[in-house]
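Quick notes on the structure that follows.
Derivation of every value follows stated rules applied to the coordinates shown; laboratory data play no part. Just so we're clear, the structure is a prediction, and the values are computed from it rather than from any experiment. Cβ placement follows ideal geometry from the backbone for every residue including glycine, while neighbour counts extend to all protein chains displayed.
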């Protein structure tokens with residue numbers, strides 16, 4: 001099952017020994033009133049300031065759906081290269097075992113893409129952190145984990161959802177070829193970027209549907225039950241008396257209704 | 001672990017394997033770790049033969065690599081080579097690392113998979129129950145671990161206990177058709193054909209991952225329906 005694979009990837013990354021960052025003259029800063037430490041290399045003071053502002057916004061925004069920010073210390077590293085091979089193709093990643101977010105900076109100093117992308121990446125990864133904390137680091141299916149991070153992170157940070165930029169998403173949805181959620185999970189392990197974009201797009205729409213049907217606090221309520229060893233499907237059933245298969249069918253139908261000719 | 005005579009327990013097997021990278025042993029030389037990483041990638045690509053070969057290299061370099069033993073056992077079990085799988089599960093347990101989260105995760109999987117292999121392969125059921133309960137004690141209740149214990153208890157002729165445990169597993173994971181099938185088996189073992197029918201209907205409603213699996217469940221349900229009709233016709 002792909003959720004397993006996702007979890008394997010995350011835990012594999014978490015196991016790698018952290019690489020010291022910043023080095024002599026680097027920046028190490030704690031966001032006031034939080035348990036978040038920012039770490040960056042020398043000459044990255046402006047980036048750190050921007051990251052601090054973006055993360056502070058994310059914390060405040062997320063509080064409405066997720067409740068008070070986690071008290072667990074989180075380290076956010078702005079790096080030129082990830083400290084281990086897992087997720088090598090990504091711009092940023094969250095390592096649950098270490099409670100670390102790594103954001104990779106092109107050229108060692110530039111932002112990921114532009115300022116909006118940088119903010120979106122930080123928000124996305126911060127949602128992973130908050131969600132995993134609620135779930136007690138129990139495994140989450142990738143569609144749920146990534147979809148919630150997209151919904152409450154990337155597309156809450158100010159970035160607009162653009163279905164035509166979701167890899168093969170739009171073509172598939174227009175043709176009525178909406179995968180099952182387990183298939184979405186498998187797409188996250190595709191080696192080509194287009195399929196990974198497709199996975200994120202489908203996952204986002206699934207999370208958005210979940211929130212539309214059951215409310216903004218549904219993902220967190222479900223994560224709380226995952227912490228108690230329920231599967232995501234088990235949590236959905238207990239909280240909303242809905243089968244995962246029925247939710248899945250409803251989500252698939254909603255995409256076909258919206259996008260299919 | 002693996003599949004039990006076509007009953008398609010693949011999902012549960014994967015779910016338990018979820019902890020395996022976490023269980024990646026810290027010890028071992030760099031080349032063993034490189035091979036281990038490559039083996040994991042091969043497994044993810046759906047190349048069990050390649051993965052097995054790489055795990056063999058890991059074990060040649062580091063014969064105590066518990067995670068490589070568990071994965072080797074898991075892959076062999078899925079291929080139907082249960083005897084060799086058991087050897088690897090036992091080797092993983094022999095090299096267990098105490099007091100370490102990752103080592104504990106490997107141990108839990110090895111205990112559970114060995115219990116499952118013994119219970120479904122005609123092995124020592126007393127040992128299987130002990131192993132299964134040890135896995136649960138180490139990990140806390142998880143649907144897959146509860147399912148294994150329910151299967152062991154069914155094999156030991158204790159359907160009431162099995163049903164109670166399978167019910168808890170099904171509450172935690174109501175969309176897992178393997179767990180629901182175990183619960184149906186427990187219902188049948190207690191003579192509750194209607195209960196088994198309801199559970200199998202629920203398993204079908206959960207949309208099993210493959211058409212083959214859905215057919216298996218539908219066939220079982222149909223067989224129960226036929227039995228019900230026969231019983232009704234035979235009634236005075």
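Below is a table of values for the structure above.
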item	result
Inter-probe distance in nm under a simple model that places probes 7 Å from Cα toward Cβ, at residue A:60 and residue B:34	5.0 nm
Which of A:60, A:50 has the fewest Cβ neighbours within 10 Å, and the rest in rising order	A:60, A:50
Cα centroid separation - the range B:57-111 against the range B:186-213, whole Å	32 Å
Rel. contact order, % - alpha carbon contacts under 8 angstrom, at least six apart, the range A:190-261	20 percent
Sequence-separation-based contact order of the range B:76-119, relative, with Cα cut under 8 Å and 6+ spacing, percent	37 percent
Burial ordering of B:55, A:240, A:155, fewest other beta-carbon atoms within 10 Å first	A:240, A:155, B:55
Peptide ranges A:91-104, B:73-86 listed from the most packed, as the mean C-beta count within 10 angstrom indicates	A:91-104, B:73-86
Estimated inter-spin distance, residue B:190 and residue B:81, nm [label 7 Å along Cα→Cβ]	4.1 nm
Peptide-level mean, for B:49-56, of C-beta atoms on other protein chains within 10 Å	0
Cβ neighbours within 10 Å from other chains - mean over A:229-238	6
Neighbour-count order for B:139, B:210, fewest beta carbons within 10 angstrom listed first	B:210, B:139
Peptide B:174-182 - average C-beta neighbours from other chains (10 Å radius)	3
Stretch gain in nm, segment residue A:221-residue A:161, where the contour uses 0.36 nm per residue and the Cα spacing is subtracted	19.1 nm
Distance between the range A:29-55 and the range A:127-168 - C-alpha centres, whole angstrom	22 Å
